[in-house]
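Worksheet for the structure shown next.
The values are calculated or read from the model by the stated rules, or taken from the named source; none is laboratory data. From a predicted model like this one, the values you see are computed outputs, not experimental measurements. Because the Cβ atoms are built from the backbone with ideal geometry, glycine has one as well, and the counts that use them run over all protein chains shown.
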Amino acid sequence: MHKNFKAVLLSALVLPGLGQLYKGEKLKGGIFLVLVNIFLLAALFLVMKGMGSFLLTAKISGTGEALKVLETIKRDSPYVNWLLTGFVFLWFASIVDAALARPPRDNDPSS
């Protein structure tokens, strides 16, 4: 049970997938790590892409026009919300998976 507690802490507080790697589930941990990074990097890319026009408008035209640009960015890029929702789902799934106790495998075929 102690190993499961450390795995849950790793997945919950550090990075989803580390708990699975700690428990020895290399494939599952690797999949969680790759998916989490894809979701976060894609969301970050979309946010940064929209922030360029927002910052440029704020510098040139002032905050009133910049707020209009920000509303346009929010309306035109709903994918960020979907990506962040997917990240949160993966995060909770990795925590629950790390918490589940796995019975030790018996490699002896005679029993």
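Things to note:
- Among residues of the stretch 73-111 being hydroxyl-bearing (Ser, Thr, Tyr) and at pLDDT 75 or above, the one that is farthest from Val36 (Cα to Cα) is Tyr79.
- Verdict on Leu56 being surrounded by 13 or more Cβ atoms within 10 Å (Cβ to Cβ) and hydrophobic (A, V, I, L, M, F, W, C): no
- Residues that are outside any loop (DSSP other than H, G, I, E, B), modelled with pLDDT of 85 or more and either closer than 19 Å to Val88 by Cβ or among the small types (Gly, Ala, Ser) (or both), drawn from the stretch 1-31: Leu18, Gly19, Gln20, Lys28, Gly29, Gly30, Ile31
- When Val47, Val34 are checked against the criterion of being loosely packed, with under 12 Cβ neighbours inside 10 Å, within 24 Å of Trp91 (Cβ to Cβ) and out of contact with any Gly (no Cβ under 6 Å at 6 or more places or on another chain), Val34 stands alone in meeting it.
Quick grid of which residues meet (1) of a type outside the set (S, T, N, Q); (2) more than 29 Å from Leu13 (Cα to Cα):
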position: Lys26; (1), (2): yes, no
position: Phe39; (1), (2): yes, no
position: Met48; (1), (2): yes, no
position: Met51; (1), (2): yes, no
position: Thr57; (1), (2): no, yes
position: Glu65; (1), (2): yes, yes
position: Glu71; (1), (2): yes, yes
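- If you go through the stretch 7-48 and pick out every residue that is over 20 Å from Val96 (Cβ atoms) and touching a residue at least 24 places away in the same chain (Cβ under 8 Å), you end up with 4.
- Test result for Ala42, surrounded by 15 or more Cβ atoms within 10 Å (Cβ to Cβ) and within 23 Å of the chain's Cα centre (by Cα): yes
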